1. Tell me, please, whether a residue that is of a type in the set (D, E, K, R) and closer than 21 Å to residue 112 by Cβ can be found in region 204-212.
2. Determine which member of the set 300, 322, 280, 269 is among the hydrophobic types (A, V, I, L, M, F, W, C), over 22 Å from the mean Cα position of the chain (by Cα), under 15 Å from residue 61 (Cβ atoms) and surrounded by fewer than 19 Cβ atoms within 10 Å (Cβ to Cβ).
3. Could you grab me the full set of residues in region 292-338 that are among the acidic types (Asp, Glu) and over 30 Å from residue 77 (Cα atoms)?
4. All but one of (1) of a type in the set (A, V, I, L, M, F, W, C); (2) under 20 Å from residue 276 (Cβ atoms); (3) within 20 Å of the chain's Cα centre (by Cα) hold for residue 105; which doesn't?
5. Which count do you get for residues in region 342-373 that are in a helix (DSSP H, G or I), of a type in the set (Ser, Thr, Tyr) and in contact (Cβ under 8 Å) with a residue 40 or more places away in the chain?
6. So which residues in region 371-403 are in contact with an Asp or Glu (Cβ under 7 Å, 6 or more places away or on another chain) and farther than 25 Å from residue 56 by Cα?
7. How do the strands (runs of 3 or more DSSP E) wholly within region 142-247 filter down when requiring 1 or more residues that are without any contact (Cβ under 8 Å) to a residue 60 or more places away in the chain and more than 19 Å from residue 375 (Cβ to Cβ): which remain?
8. Surrounded by fewer than 14 Cβ atoms within 10 Å (Cβ to Cβ) and either within 21 Å of residue 248 (Cα to Cα) or among the small types (Gly, Ala, Ser) (or both): does that describe residue 291?
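The values are calculated or read from the model by the stated rules, or taken from the named source; none is laboratory data. What you see is a predicted model; the values in this text were computed from it and never measured. Quick reminder, even Gly has a Cβ in these numbers, built from the backbone with ideal geometry, and neighbours come from all protein chains shown.
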Amino acid sequence: MTHDGTNEGTNFDPWYDRYADRTAGLSASEVRALFAVASRPEVVSLAGGMPFVAGLPSELIAGAFERMMATQGLQALQYSSGQGIPALREQILEVMALEGIRASVDDVVVTTGSQHALELVTKLFINPGDVVLAEGPSYVTAMVVFNSFQADITHVPMDEHGLIPEALRSTISRLKAVGKTIKFLYTIPSFSNPAGVTLTWERRLEILEICRANDILVLEDNPYGLLYFDSPPPQAMRSVDEDGVVYLGTFSKTLAPGFRVGWALAPHAIREKLILANEAAVLSPSSFGQLMISEYLATADWKGQINTFRDIYRDRRDAMLAALAEYLPQLSWTVPTGGFYVWVTLPDHMDSKAMLPRAVKELVAYTPGTAFYADGSGRNNIRLSFCYPTPEFIREGIRRLSVVINGELDLLSTFSQTSPLATIPLKLGIASPPSNIG
């Protein structure tokens, strides 16, 4: 057995024994593995969280491109600084102000998407064996990043109001008792990925206080905060704590992911390290992408466009919830008030990962819950994304999914009646209230 868990006799990579130990943590996420299947036109994909970029009028981008190239074309094709173009960093302050954040332009570091910022922060802080606290469930690719730096990922439970402060306290106490080093708490407090729930204001304050008291940095990831459906979520955690929070933002959800432009807002000392790490990784983020977005923000009604996206995603959320209530009323699910995702809880004895090939045969794709845990939990959960398919396709996708799930329930029921183990009750249960994330 090699260091990455493969059998030497079956490994055809001639370099397998030369890789660094940390590469054992690099593996394709379950979301990435679904893309090939989900991209087939006959498959209704409820799997990937792809923004609906067709909702962005093409003339907005074309106009920004023409103006940018006419006035700043040479700069767009040249290197920029490792911190990002000053004009865009000023505009990022305007964006963050919508969530209560007041900051200095000097503390903003532009990155190649917020995923890159997440990787840079992890690189700066994590030694092998250090603990990262993460919501359970948590963002799938964050788990990949943390694993790639050999972090010990410890999940903290959530409920319909977000991360549970009492669980955070007890988890920290337990880890400290056995001598573990906790480096940071990773959280998506607004419309979380994958659960779709939002951390209440009271809990935000309490969690910040817990982390302050225990010298734990908070890594606040906020890709969805402006995509609310009825009323804004509570203000960002960074709005009340400048020294203990690194805030990650992105234009991927409110504009388009193809630009690959995100940012980190960090305390002053961390910011300096981030700039150095950014330069070491990519030399400088894309000048072209930054200047395009800067021109768009300066000349387009970008707030109005965000309102348009809110309307689109609200309609799709409503379509998904209505279809779930019609076709799968025996299950429970979250009711997101923004963002992209619904988190569905299946009966205890169902395995969403094992069920996926049968779903693909029915021409529907979803993401198994196990993708969002580092410890193998989430087998009876699935994440459904409503951001990309039309309401009609969402309804058809849920109908196809119901064929698979109801077929599994029939099999479980038959097994429970005919198996010698039938005296052991199966927990098929009554569905919990829709807001219970299970």
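1. Our first condition is that a residue be of a type in the set (D, E, K, R); within region 204-212, this holds for 204, 206, 209, 212.
After this cut, where a residue has to be closer than 21 Å to residue 112 by Cβ as well, the list is none.
Scanning region 204-212, I find no residue that is of a type in the set (D, E, K, R) and closer than 21 Å to residue 112 by Cβ, so the answer is no.
2. Working: 322 fails: under 15 Å from residue 61 (Cβ atoms); 280 fails: under 15 Å from residue 61 (Cβ atoms); 269 fails: under 15 Å from residue 61 (Cβ atoms).
Answer to the selection: 300.
3. Correct list: 311, 315, 318, 326.
4. Tallying (1) of a type in the set (A, V, I, L, M, F, W, C); (2) under 20 Å from residue 276 (Cβ atoms); (3) within 20 Å of the chain's Cα centre (by Cα), residue 105 fails exactly one: (3).
5. Taking region 342-373 as the starting set, the residues that turn out to be in a helix (DSSP H, G or I) are 352-361, 369-372.
Adding the requirement that they be of a type in the set (Ser, Thr, Tyr) leaves 352, 370.
With the extra rule that they be in contact (Cβ under 8 Å) with a residue 40 or more places away in the chain, the set shrinks to 370.
Looking only at that region, the number is 1.
6. Start the filter on region 371-403 by keeping residues that are in contact with an Asp or Glu (Cβ under 7 Å, 6 or more places away or on another chain), which leaves 371, 379-380, 391, 400, 403.
Within region 371-403, 371, 379, 380, 400, 403 meet the criteria.
7. On the way: elements: 152-159, 182-187, 217-221.
Passing ranges, in order: 217-221.
8. Numbers: surrounded by fewer than 14 Cβ atoms within 10 Å (Cβ to Cβ): no; either within 21 Å of residue 248 (Cα to Cα) or among the small types (Gly, Ala, Ser) (or both): yes.
No, not satisfied.
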